[in-house]
Amino acid sequence: MTALRQRKGSRGKEPPLGAECQSQQSNCCTDHHPEKILHGDWSWGAIIWTSVGWSVSVGLGLLCCIYMATLHENDLWFSNIKEVEREISFRTECGLYYSYYKQMLQAPSIQEGLSDLIHDNLTESKRTINLLQRMNIYQEVFLSVLYRVLPIQSYLEPVYFYIYTVFSLQAVYVIALYLTAWLLSGSWLAGTLTGVWYILNRVDTTRVEFTISLRENWSLPFLALQVTAITCYLRPQLTALQQKVMVWLMYVTTFCFCLTWQFNQFILLVQALIIYTLDCGDFLTTTQVTTMYLVQVCSLLSVWLLQFCNSMILGSLVLSFIVAALFIRHCQPGLKTGSPLLRLAKLLLHSTMVLLLTFTINYLAKKALQLRSDEHIFKFIKSKLALGPTRDFDASLYLCEEAFGLLPLDTLERLAGTLLLYPYALTLLLLSTMLAAAALQNLRPKGGSAEERKGGGEARAAAFRPDVAYNLLHTLFYGLLAFSTMRMKYIWTGHMCAVAAYGVCGKELWTLLLNALSCNSKVLLRLVRHAVPLLVIGCLYYKFWPKLMEELSELREFFDPDTVELMTWISTKTPKRAVFAGSMQLLAGIKLCTGRVLTNHPHYEDKDLRERTKQVYQVYACRSPEEVHDTLRAIGADYVVLENSICYERRHSRGCRLRDLLDLANGHIMDGPGENDPDLVPASHPRFCEAIKTEEAAAAYGALFTRTFHNKTFHVYRVKKKRKKSTKSSTEPSVTQ
């Protein structure tokens, strides 16, 4: 629909992986971690070197922010287009979220604006819903209040305040990844390489420049900050105060992440599985495991309170899993004792009990809460795992979208082109092998006395750094998630940059390689760790700097006259309380641009809304005009917008077009050449969106629908009210045009 047109114009026995030096005289002191000054090293060299590292991180963050903002401006000519065009550029659900920011700014006061959000009757016709409970829009509320309070209204438009905030979060994202790589490797050169890779792989690390208000663009920077806090928390030699600070940072960042994205529970479930795996492998202490679990629980419960006791959070799998894991762990105190085979058997039994208890708790919680809001996600997962064919409309909507398909192989080709994939794969291979060896080592008996067990535990903890172990499993687990669902690659690819940079700049991996070549020395190790990242950065500069300059010189302009015409007509020719039915994506734009009432919208996490959306979409199915009319009037629709791009869709192949999904759900044979399941039957009525436009059907459809607007893309019909038999020839009130 929317188009962009070109605009003119040391030798011997080596210490184990991650073993920390116990004195300032050891060669560990050549590392410059960002928290080194906190450990009492106030030498001028440490201060200057650390300051340079922090400065580079901020510089790279700002560079990324400016880069994204420039791409956005160059792609749309955002500063020069009309307000309605700016709002149309907020595509699909992005427009819905931004509309609440706009609504809060237009409210007479902050209190009235909040009241309207809590008692909203514009987003879903004939319903009053609490938007702060249903949706993750606290960021819009916060920004609108901030814009009202700050003295910036005279020189900064509300839309720029909004988009600049989102682009600034990209700077936070890059800084968080930079710090994670710095903490892992001990060199801020790793952070620099991370930032450079993130920017050069923009296509696969973010999509913020064209989906500004998408929830993941708000939440992923906080997830990256949380990973940084976890990495620092798992480092040895932290004081009690520093540990408390890190725990609070983990809580705050996890809370912000959960508050800003409705899929938080599924992302945290993967993270809880990472913590569980590290616990089973004996890489973390009991205190660390319990603390990290409780941080997740406290964050989710805090969001639950802010979202007016949203039942989806209490019924989430991650809460059920954490409760089950902690309970079974408490009931099995001797889990990590005995021979290796006995320990493996115990772990297998332990995991089975945790899983069974998880699903039991989750089932009971959902029954008690009568929760069905997230069942479409589990239908999607079931279908994606090929656990049986499905004709479920909601699951099929997800399965047919490219974003929810498998990760395309050309993604790996692009990552290899920026020299990211090769060091990442090598780092992953070496670290995974060493982690497996350390896990097997940890299965050995720990000794009889408590002192021996304690000493053995400390030795094993030093055998593989827990912060490295966490980040390794983080990239492995989220990598698997990304390969299964392409949309989730943005969680993986950013962290992938940090892991690859750690492999290039980290001391441990280079020590292994140099030992294998029998040429390890402190001087050579230091030389390689600094020369290789500089060489990689130089190669990337030589290869990609001209391409970046060329990309930044490309100027385009937003061009979508049909949608602009539609929004203008709705704003000027329809009543302000008119109710519109149509596709989820288009209605989000109508809500933002015109403020009209909607029948349905793209925020799909509600069962009743999903049912209503399926009813509205019957306008693209083979239904009689009477059926469609009764359905639309039942949900209060005054107008219905038909889109040619859906009615005559060619974007998807047969079986994935919206009309095909509707036909399958209705038990009808699909259009066009191809096979059909034997139980499908021919439809008894023509396709509504096609038949209503023909002259032959004027009599049957004209009594129920009147076309009030049309152009090359859209057809708008007024849904007439049925005349009551008891009244005398009452006429339908005319609509101002």
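If the condition is being among the aliphatic types (A, V, I, L, M) and not in a helix (DSSP H, G or I), then segment 587-633 contributes V597, L598, A621.
On the given criteria, is V616 closer than 30 Å to F714 by Cα, surrounded by 12 or more Cβ atoms within 10 Å (Cβ to Cβ) and β-branched (V, I, T)? Step through it out loud before you land on a result.
Values: closer than 30 Å to F714 by Cα: yes; surrounded by 12 or more Cβ atoms within 10 Å (Cβ to Cβ): yes; β-branched (V, I, T): yes.
So V616 fits the description; yes.
The test for being part of a helix (DSSP H, G or I), within 20 Å of the chain's Cα centre (by Cα) and among the charged types (D, E, K, R) does not hold for E85.
Name the helices (runs of 4 or more DSSP H) wholly within segment 285-395 that hold at least 1 residues that are touching a Ser or Thr at 6+ places or on another chain (Cβ under 7 Å) and within 30 Å of Y617 (Cα to Cα)?
Values: elements: 286-306, 311-314, 317-331, 340-369, 375-384.
The helices (runs of 4 or more DSSP H) meeting that bar are 311-314, 340-369, 375-384.
With respect to the stated conditions, F266 fails to be buried (at least 23 other Cβ atoms within 10 Å of the Cβ), under 21 Å from E216 (Cβ atoms) and among the aromatic types (F, W, Y). Comparison of L60, L71 shows that the only residue that is more than 22 Å from the chain's Cα centre (by Cα) and modelled with pLDDT of 95 or more is L60. Tallying residues that are closer than 17 Å to Q296 by Cα and either of a type in the set (F, W, Y) or assigned to a helix (DSSP H, G or I) (or both) within segment 233-244 yields 3.
Of everything listed in (1) over 30 Å from L385 (Cα atoms); (2) surrounded by 19 or more Cβ atoms within 10 Å (Cβ to Cβ), the single unmet condition for I491 is (1).
Of the listed requirements (1) over 30 Å from F464 (Cα atoms); (2) open to solvent by 10 Å² or more (accessible area, probe 1.4 Å), L179 misses just one: (1).
Does L704 satisfy the condition of being in contact with a His (Cβ under 7 Å, 6 or more places away or on another chain), of a type in the set (A, V, I, L, M, F, W, C) and modelled with pLDDT of 90 or more? Yes, satisfied.
For the criterion of being within 23 Å of S571 (Cα to Cα) and not in a helix (DSSP H, G or I), H715 passes. Residues in segment 159-171: is at least one closer than 20 Å to C309 by Cα and of a type in the set (S, T, N, Q)? Within segment 159-171, not a single residue is closer than 20 Å to C309 by Cα and of a type in the set (S, T, N, Q). When segment 324-350 is filtered for residues that are surrounded by fewer than 18 Cβ atoms within 10 Å (Cβ to Cβ) and farther than 21 Å from A437 by Cα, the ones remaining, listed by number, are L326, F327, H330, C331, Q332, P333, G334, L349.
In segment 587-600 there is at least one residue that is open to solvent by 10 Å² or more (accessible area, probe 1.4 Å) and within 23 Å of the chain's Cα centre (by Cα).
Which one is nearest to T253 (Cα to Cα), of the residues in segment 273-323 that are surrounded by 19 or more Cβ atoms within 10 Å (Cβ to Cβ) and among the small types (G, A, S)? Checked segment 273-323; the qualifying residue nearest to T253 (Cα to Cα) is S299.
No other residue among V295, V318 is modelled with pLDDT of 95 or more, of a type in the set (A, V, I, L, M, F, W, C) and within 17 Å of the chain's Cα centre (by Cα) apart from V318.
Hey, among R460, R391, which residue is modelled with pLDDT under 85 and surrounded by 18 or more Cβ atoms within 10 Å (Cβ to Cβ)? Reasoning before the result, please.
Details: R391 fails: surrounded by 18 or more Cβ atoms within 10 Å (Cβ to Cβ).
R460 is the lone residue from the list that is modelled with pLDDT under 85 and surrounded by 18 or more Cβ atoms within 10 Å (Cβ to Cβ).
Exactly one residue among L371, L420 is out of contact with any strand residue (DSSP E or B) (no Cβ under 7 Å at 6 or more places or on another chain), open to solvent by less than 80 Å² (accessible area, probe 1.4 Å) and at pLDDT 95 or above, and that residue is L420. Once segment 637-651 is narrowed to residues that are at pLDDT 95 or above and farther than 19 Å from E565 by Cα, the residue that is most open to solvent (accessible area, probe 1.4 Å) is D638.
Quick one: is R86 in contact with a Ser or Thr (Cβ under 9 Å, 6 or more places away or on another chain), over 27 Å from S187 (Cβ atoms) and of a type in the set (K, R)? For R86, the condition - in contact with a Ser or Thr (Cβ under 9 Å, 6 or more places away or on another chain), over 27 Å from S187 (Cβ atoms) and of a type in the set (K, R) - is not met. Could you check, for segment 691-699, whether at least one of its residues is in a helix (DSSP H, G or I), surrounded by 11 or more Cβ atoms within 10 Å (Cβ to Cβ) and at pLDDT below 90? So far as segment 691-699 goes, yes, one or more of its residues are in a helix (DSSP H, G or I), surrounded by 11 or more Cβ atoms within 10 Å (Cβ to Cβ) and at pLDDT below 90. P561 passes every criterion in (1) in contact with a helix residue (DSSP H, G or I) (Cβ under 8 Å, 6 or more places away or on another chain); (2) open to solvent by 30 Å² or more (accessible area, probe 1.4 Å); (3) closer than 23 Å to E643 by Cβ; (4) not hydroxyl-bearing (S, T, Y) apart from (1). For segment 509-519, does any single residue satisfy the condition of being open to solvent by less than 40 Å² (accessible area, probe 1.4 Å) and farther than 25 Å from I175 by Cβ? Yes; the residues of segment 509-519 include at least one that is open to solvent by less than 40 Å² (accessible area, probe 1.4 Å) and farther than 25 Å from I175 by Cβ.
Among what's in segment 126-172 and is part of a loop (DSSP other than H, G, I, E, B) and in contact with a His (Cβ under 8 Å, 6 or more places away or on another chain), pick the residue that is most open to solvent (accessible area, probe 1.4 Å).
T128
Residue pairs whose Cβ atoms lie under 9 Å apart, separated by 6 or more positions or on different chains, with the first residue in segment 215-240 and closer than 16 Å to W492 by Cα and the second surrounded by fewer than 23 Cβ atoms within 10 Å (Cβ to Cβ) and among the basic types (K, R), are E216/R207; E216/R487; N217/R207. In segment 113-125, the residue that is farthest from R596 (Cα to Cα) out of those that are crowded, with 16+ Cβ neighbours inside 10 Å and of a type in the set (G, A, S) is G113. Within segment 61-83, the set of residues being among the small types (G, A, S) and open to solvent by 20 Å² or more (accessible area, probe 1.4 Å) comprises A69, S79.
Does G53 meet the test of being at pLDDT below 95, open to solvent by 40 Å² or more (accessible area, probe 1.4 Å) and small (G, A, S)? Even if it seems obvious, please write down each step before you answer.
On the way: at pLDDT below 95: yes; open to solvent by 40 Å² or more (accessible area, probe 1.4 Å): no; small (G, A, S): yes.
When the stated conditions are applied, G53 does not pass them.
Which ones in segment 541-562 are part of a helix (DSSP H, G or I) and touching a Ser or Thr at 6+ places or on another chain (Cβ under 7 Å)? Answer for segment 541-562, where residues must be part of a helix (DSSP H, G or I) and touching a Ser or Thr at 6+ places or on another chain (Cβ under 7 Å): L552, D562.
The values are calculated or read from the model by the stated rules, or taken from the named source; none is laboratory data. Since the model is a prediction, treat every value here as computed from it, not as a measurement. Positions of Cβ are generated from backbone atoms using ideal geometry, with glycine treated the same way; all protein chains shown enter the neighbour counts. Areas reflect the complete protein model, heavy atoms only, side chains present, ligands, DNA and RNA absent. Shrake-Rupley method; radii C 1.70, N 1.55, O 1.52, S 1.80 Å.
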